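Here the structure is laid out as structure tokens; the discussion comes afterwards.
Rule-based calculations on the coordinates, nothing more; no lab input. Everything numeric here is computed off the predicted structure, so don't read it as measured data. Here the Cβ positions follow ideal geometry from the backbone for every residue, glycine too, while neighbour counts run over all protein chains shown.
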Amino acid sequence: MTEVDAICLRPWAEGDLGLLRAQNTPEMLAHLGGPESEEAVVDRHRRYVELSASGAGRMYVVLLGPDSVVAGSIGFWEKEWDGTPVYETGWHVLPGFQRRGVATRAAVAVARIAAAEGDREELHAFPPVVNTASVGVCRKAGFAWRGEHDFEYPKGTWIRCEDWWAPLG
């Protein structure tokens, strides 16, 4: 990996609301119910800021290259899955940085952080089955496939997702 390709994860901060707004597009949220209202974006930003303080997970800004260009976001948070406490992860990479391995490298990095700093044994990702790019990220990042499930997200919308997981222990 060259320095140009290097990624860094920076903890989410108060000043990162603009990144959420940039990610709140039909293109970026096509598989997750579409764009949210401004009120919902501001509420999501508040939850991201509070997540680290709660100890229930962390959100990060994905920075790329020696100039630390903002390329997207990734995080992990507590979830109960199949009766087991686990972490869930999810990411958004801005269109100009997609198809460059950014999400894959960020997923590997966030798994390492969750393993080192968290208290759960598993990390799961639940990409919609139609989101072949995110399914590919899971595969390339070393997650193992566990099956398909229906999820209600956002509320009132059912989507078929794949369950990909990585051990943290």
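Build a GNM of the chain with springs between Cα atoms under 10 Å: which of Ala107, Ala53, Ala141 gets the top mean-square fluctuation?
Its mean-square fluctuation being the largest, the pick is Ala53.
If I model a spin label as a point 7 Å beyond the Cα along the Cα-Cβ vector, how far apart are those points for Val129 and Ser37 in nm?
About 3.2 nm separates the two model spin labels.
Is there a quick way to get the dipole size of region 3-167? I mean about its Cα centre, with the Cβ of Lys and Arg at +1 and of Asp and Glu at -1; what is the value in debye to the nearest 20?
Taking the Cα centre of region 3-167 as origin, the dipole is about 440 debye.
Could you compute the longest span of the chain free of trypsin sites (Lys or Arg not before Pro) located in DSSP loops and having at most 12 other Cβ atoms within 10 Å, not counting the site residues?
Of all site-free stretches, the longest is 1-98.
Looking at (1) 9.6; (2) 18.0; (3) 11.9, which value of mean projected area of the Cα convex hull in nm² comes from a calculation on the structure shown?
It is the value labelled (1).
Taking 8 Å as the Cα distance limit and 6 or more residues as the minimum spacing, I'd like the relative contact order of the chain as a percentage.
19 percent
Please report, ordered by residue number, every helix of the chain (full DSSP H runs) that is 20 Å or longer along its axis going by C-alpha atoms and whose mean Kyte-Doolittle hydropathy reaches -1.0.
Qualifying helices, which must be both long enough and hydrophobic enough, are 38-54, 102-117.
Taking the chain as a Gaussian network, Cα atoms linked when under 10 Å apart, which of His149, His92, His124 shows the biggest mean-square fluctuation?
In the Gaussian network model the winner is His149.
Work from the charge dipole of region 26-152 (Cβ charges, +1 for Lys and Arg, -1 for Asp and Glu, about the Cα centre) and give the residue of Ala111, Gly55, Val41 farthest towards its positive end.
Ala111
For the chain, modelled as a Gaussian network with Cα springs under 10 Å, which listed residue fluctuates most, Gly90, Gly147, Gly136?
Maximum among the listed residues: Gly147.
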